[in-house]
Amino acid sequence: MGKRALVMIPGPTEFEPEVLQALGAPTASHVDPGFVDVFGEVLELMRTVWRSPAGQPFVLAGSGTLAMEAVGANLVEPGDGVLVLSTGVFGDRFDDLLSRYGARVTVIRSEVGRGVDWDRVEHELATGDYRLVTATHVDTSTAVRVDPQRLGDVARRHEVLAILDGVCSVAGERIDQDAWGLDAVLTASQKAVGVPPGLALFVIGPRALERFKGRHSKVPNYYCDWAKWLPIMEAYEQRRAAYFGTPAVNHVQALRVALGRIQDEGLDVRFKRHKRLGEACRSALTALGLGIVPENADEAANTLSAAWYPDGVAAGTFLAAVREAGVVLAGGLHPKIAPKYFRIGHMGATGPGELLATIGAIECGLRACGVEFKLGAGLRAVERVYWS
Ligand SMILES: *Cc1c(COP(=O)(O)O)cnc(C)c1O
């Protein structure tokens with residue numbers, strides 16, 4: 001081991017060399033005019049990538065869970081009714097997190113591999129007393145993708161705030177925050193955005209900011225309080241330095257590079273590229289005789305795939321053999337099914353070349369486990385999606 005391997009997990013992902021160079025550059029002062037410009041551009045570019053001209057972007061040092069925490073701490077007051085649509089581990093995380101801020105949480109939990117039952121959501125919002133509804137765009141534990149447009153639509157009709165956990169989707173799956181009526185869309189740097197772990201990123205819409213400003217109680221979390229960060233984000237966007245907590249200077253510089261690449265690629269092109277990656281990956285897994293965890297193809301994520309092991313395959317043996325062939329994959333995460341499946345991240349700086357290497361390594365892994373299949377069938381399936 002120790003030799004360089006492709007990291008094909010659902011975050012951290014493979015990163016562009018230019019992004020990594022920005023991380024390794026000499027660190028500027030956080031009030032340096034050059035850095036102030038970079039931070040300002042980052043905030044403007046986030047509006048573009050989230051498609052939320054009306055939204056307020058935030059960049060905090062932390063991981064995706066901190067972005068979830070910020071939303072919970074600032075938008076929930078004790079006693080608020082919250083409906084959590086859970087399609088896996090990260091939906092359940094919202095339940096645990098929001099409960100700690102005093103929310104009365106009701107969870108609509110999908111069976112593993114299934115999407116959201118919107119009729120149930122409709123009924124619950126019509127009959128219950130709710131202020132907020134959350135959904136996970138792509139639950140990284142199941143690779144199930146939820147329709148954020150429906151989330152926004154149902155939330156608007158029932159006059160509750162719509163919160164989208166987009167940690168495994170922003171800049172990989174289509175999101176139109178303003179047009180779809182989403183009040184908060186959050187992510188982290190290390191997934192489809194393409195910057196090593198370290199930044200919590202979110203864009204808050206006008207209705208959510210209004211809710212925050214109308215709070216009856218103080219935000220019970222010091223670091224996450226938007227009253228502290230809002231003036232900072234506004235200042236940097238107006239190209240003035242301001243201080244509450246030291247920003248992660250190098251990470252913000254790397255994010256400027258990554259968002260620039262996303263803008264240059266073009267959002268529609270980027271979403272299509274991810275869609276093709278998802279299709280090619282699932283088609284290869286199927287060609288190798290593996291079952292896909294999401295039950296419906298139109299609810300399968302394009303940023304990662306989750307597949308069942310064939311009978312008799314042990315996770316440890318398989319993943320070690322794949323690693324020996326040069327590719328790092330992720331094991332199962334959902335506690336109900338963890339030893340029975342594995343996950344492949346294919347987002348950000350990933351193309352057909354990386355996917356072919358990954359499927360090739362998976363074929364090696366299956367062979368090492370004594371699984372019978374037609375050698376090359378997975379590779380052939382990827383090639384068919386791209387070049388036939
Ligand atoms: C990764 C992930 C998170 C948590 O992000 P961290 O950066 O690990 O804290 C939350 N939600 C989803 C959907 C994720 O994929």
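For the stretch 10-22, give me each residue that is under 18 Å from ASN302 (Cβ atoms) and surrounded by 20 or more Cβ atoms within 10 Å (Cβ to Cβ).
Those that are under 18 Å from ASN302 (Cβ atoms) and surrounded by 20 or more Cβ atoms within 10 Å (Cβ to Cβ): PRO10, GLY11, THR13.
Can you find a residue that is closer than 28 Å to THR142 by Cα and surrounded by fewer than 17 Cβ atoms within 10 Å (Cβ to Cβ) anywhere in the stretch 304-312? Give the derivation first.
Step one: of the stretch 304-312, the residues closer than 28 Å to THR142 by Cα are 304-312.
Narrowing further to those that are surrounded by fewer than 17 Cβ atoms within 10 Å (Cβ to Cβ): 311-312.
Checked against the condition, which is being closer than 28 Å to THR142 by Cα and surrounded by fewer than 17 Cβ atoms within 10 Å (Cβ to Cβ), the stretch 304-312 yields at least one hit.
Within the stretch 31-43, is there a residue that is surrounded by fewer than 18 Cβ atoms within 10 Å (Cβ to Cβ), within 21 Å of LEU209 (Cα to Cα) and among the small types (Gly, Ala, Ser)?
Of all residues in the stretch 31-43, those surrounded by fewer than 18 Cβ atoms within 10 Å (Cβ to Cβ) come to 31-34, 37.
Remaining after also requiring within 21 Å of LEU209 (Cα to Cα): none.
Within the stretch 31-43, none of the residues are surrounded by fewer than 18 Cβ atoms within 10 Å (Cβ to Cβ), within 21 Å of LEU209 (Cα to Cα) and among the small types (Gly, Ala, Ser).
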Task: Selection status of GLY55, touching a strand residue (DSSP E or B) at 6+ places or on another chain (Cβ under 8 Å), under 28 Å from SER217 (Cα atoms) and away from the ligand (no atom under 15 Å from the Cβ) - done: yes
Task: The one condition in (1) touching a Cys at 6+ places or on another chain (Cβ under 6 Å); (2) not in a strand (DSSP E or B) that GLU383 fails to fulfil - done: (1)
- [ ] Six or more apart or on different chains, Cβ under 6 Å: which pairs go from a residue in the stretch 108-119 that's closer than 14 Å to ALA300 by Cβ to one that's of a type in the set (Asp, Glu) and assigned to a loop (DSSP other than H, G, I, E, B)? Could you list them?
- [x] GLY113/GLU295; ARG114/GLU295
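Out of curiosity, is LEU6 in contact (Cβ under 8 Å) with a residue 40 or more places away in the chain and in contact with a helix residue (DSSP H, G or I) (Cβ under 8 Å, 6 or more places away or on another chain)?
Values: in contact (Cβ under 8 Å) with a residue 40 or more places away in the chain: yes; in contact with a helix residue (DSSP H, G or I) (Cβ under 8 Å, 6 or more places away or on another chain): yes.
In short, yes.
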- [ ] State whether the residues of the stretch 329-340 include one that is surrounded by 18 or more Cβ atoms within 10 Å (Cβ to Cβ), more than 30 Å from PRO148 (Cα to Cα) and at pLDDT 95 or above.
- [x] no
TODO: Please find, among LEU132, LEU85, the residue that is touching a residue at least 60 places away in the same chain (Cβ under 8 Å) and buried (at least 17 other Cβ atoms within 10 Å of the Cβ).
DONE: LEU85
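Among the listed residues VAL138, VAL167, VAL154, identify the single one that is free of Cβ contacts under 8 Å to residues at least 40 places away in the same chain and of a type in the set (A, V, I, L, M, F, W, C). Give the steps one after another, and end with the answer.
Working: VAL138 fails: free of Cβ contacts under 8 Å to residues at least 40 places away in the same chain; VAL167 fails: free of Cβ contacts under 8 Å to residues at least 40 places away in the same chain.
Exactly one residue qualifies, and that residue is VAL154.
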- [ ] Kindly list, by first and then second residue, each pair from a residue in the stretch 61-74 that is in contact (Cβ under 8 Å) with a residue 60 or more places away in the chain and farther than 14 Å from LYS228 by Cβ to a residue that is part of a loop (DSSP other than H, G, I, E, B) and within 9 Å of the ligand (Cβ to nearest atom), limited to pairs with Cβ atoms under 7 Å and residues at least 6 apart or on different chains.
- [x] SER63/PRO197; GLY64/VAL167
- [ ] Name the residue, out of LEU201, LEU164, that is surrounded by 24 or more Cβ atoms within 10 Å (Cβ to Cβ) and touching a His at 6+ places or on another chain (Cβ under 6 Å).
- [x] LEU164
Task: Selection count, the stretch 260-279, where residues are closer than 24 Å to PRO17 by Cβ, buried (at least 18 other Cβ atoms within 10 Å of the Cβ) and of a type in the set (Gly, Ala, Ser) - done: 0
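Residues that are more than 20 Å from the chain's Cα centre (by Cα) and more than 11 Å from the ligand (Cβ to nearest atom): list the strands (runs of 3 or more DSSP E) wholly contained in the stretch 83-179 that include at least 3 such residues.
Details: elements: 104-109, 132-136, 161-165.
The qualifying strands (runs of 3 or more DSSP E) are 104-109.
Out of GLY266, GLY260, I need the residue that is in contact with an Asp or Glu (Cβ under 9 Å, 6 or more places away or on another chain) and either at pLDDT below 95 or more than 30 Å from ALA368 (Cα to Cα) (or both). Which one? Lay out the reasoning, then the answer.
Values: GLY266 fails: in contact with an Asp or Glu (Cβ under 9 Å, 6 or more places away or on another chain).
Only one candidate qualifies: GLY260.
Would you check if LEU333 is in contact with a strand residue (DSSP E or B) (Cβ under 9 Å, 6 or more places away or on another chain) and part of a helix (DSSP H, G or I)?
Details: in contact with a strand residue (DSSP E or B) (Cβ under 9 Å, 6 or more places away or on another chain): yes; part of a helix (DSSP H, G or I): no.
No: the conditions fail for LEU333.
Please work out if SER189 is of a type in the set (S, T, N, Q), within 15 Å of PHE58 (Cα to Cα) and touching a Ser or Thr at 6+ places or on another chain (Cβ under 9 Å). Quick ask: steps written out before the conclusion?
On the way: of a type in the set (S, T, N, Q): yes; within 15 Å of PHE58 (Cα to Cα): yes; touching a Ser or Thr at 6+ places or on another chain (Cβ under 9 Å): yes.
Against the criterion (of a type in the set (S, T, N, Q), within 15 Å of PHE58 (Cα to Cα) and touching a Ser or Thr at 6+ places or on another chain (Cβ under 9 Å)), SER189 qualifies.
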Open item on the list: Against the conditions (1) touching a Gly at 6+ places or on another chain (Cβ under 8 Å); (2) in a strand (DSSP E or B), where does PRO78 fall short? Just the number, please.
Closed with: (2)
TODO: Kindly indicate whether GLY24 is farther than 18 Å from GLU237 by Cβ and within 16 Å of the ligand (Cβ to nearest atom).
DONE: no
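Being over 23 Å from the mean Cα position of the chain (by Cα) and of a type in the set (Phe, Trp, Tyr) is the filter; apply it to the stretch 295-319 and report the residue that is farthest from PRO339 (Cα to Cα). So that I can check it myself, show each step before the final result.
Applying the first criterion (over 23 Å from the mean Cα position of the chain (by Cα)) to the stretch 295-319 yields 309-319.
Pick out the ones that are also of a type in the set (Phe, Trp, Tyr) and you get 309, 318.
Numbers: TYR309: 9, PHE318: 11 Å.
Filtering first and then ranking leaves PHE318.
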Task: Selection from the stretch 25-75 of residues that are more than 16 Å from the chain's Cα centre (by Cα), part of a helix (DSSP H, G or I), within 18 Å of ALA171 (Cα to Cα) and not hydrophobic (A, V, I, L, M, F, W, C) - done: GLU41, GLU44, ARG47, THR48
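The values are calculated or read from the model by the stated rules, or taken from the named source; none is laboratory data. Just so it is clear, the model here is predicted, and its values are computed rather than measured. Using ideal geometry, Cβ is built from the backbone for each residue, glycine included, and neighbour counts are taken over all protein chains shown.
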